[in-house]
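Working notes, structure below.
The values are calculated or read from the model by the stated rules, or taken from the named source; none is laboratory data. Quick caveat, the model's predicted, so the values are computed rather than measured. In this analysis, Cβ positions are derived from the backbone assuming ideal geometry, glycine residues included, and neighbour counts consider all displayed protein chains.
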Amino acid sequence: MTTIRQDAWSTDEDLILAEVVLRHIREGSTQLSAFEEVGERLSRTSAACGFRWNSAIRKKYESAIALAKKQRSKGKKSQLEAVEWSEENSEELVDSVPAVAEVKETLVEKTPMLNQPLTMETVLSFLEEYHENTKKQVPEEEIEQLRNENIQLQRELEKVKEEKKIMTEDYRALLSIMDRARKLSI
């Protein structure tokens, strides 16, 4: 007997849920069967999957859902043929996901076979490569300049702390003198 998970949903689980539901929509299957499939894969109930889809995920994929429904209607004419993404449809899908839309040009340059279905491996390799490229975009001299600025600001902070310490001591000494003068005047 498998245990049913009740912990928080991760981003990867959200992606799996979206991927499976969109595939079921494209294939003309029901969302309920998609929730059952995801539930088995993630050790969650189909009700939990349905609730997560309707409460949080569906809104993010509205244009992708519309695209999947278009592909489903095309697929009804020829159910045995695999549905291939055209440039227009893939751009619409990419635009529907905000994080992917930002790197759309890079994705098109790096992935000449964009009409083929995306696999988790190709997405992960793209993200790793993208991460490496963004690291390289910050010039080394800018990093060194920021380090020097940080050191300078730390020195200034130490100087201000020392001045504050001296001012506090001077203030206490002044209070002590004032207190003695008051006692002498009485």
**Prompt:** Given the residues 32, 22, which is the only one that is surrounded by 17 or more Cβ atoms within 10 Å (Cβ to Cβ), outside the structural domain of residue 123 (by TED's automatic domain parsing) and of a type in the set (A, V, I, L, M)?
**Reply:** 22
**Asked** Condition test on residue 166, is it of a type in the set (A, V, I, L, M) and modelled with pLDDT of 90 or more?
**Response** yes
**Item:** Elements of type helices (runs of 4 or more DSSP H) in segment 1-57, at least 2 residues being among the polar types (S, T, N, Q)
**Value:** 31-42
**Message:** Please go through segment 17-33 and give me each residue that is in contact with a Gly (Cβ under 9 Å, 6 or more places away or on another chain) and on the phi < 0 side of the Ramachandran plot, ordered by number.
**Reply:** 26, 27, 31, 32
**Request:** Scan segment 50-64 for residues that are loosely packed, with under 13 Cβ neighbours inside 10 Å and touching a residue at least 40 places away in the same chain (Cβ under 8 Å) and jot them down.
**Result:** 56
**Request:** Inspect all residues belonging to segment 39-46 and state whether any of them is assigned by TED's automatic domain parsing to the domain that holds residue 3, without any contact (Cβ under 8 Å) to a residue 12 or more places away in the chain and within 29 Å of residue 3 (Cα to Cα).
**Result:** yes
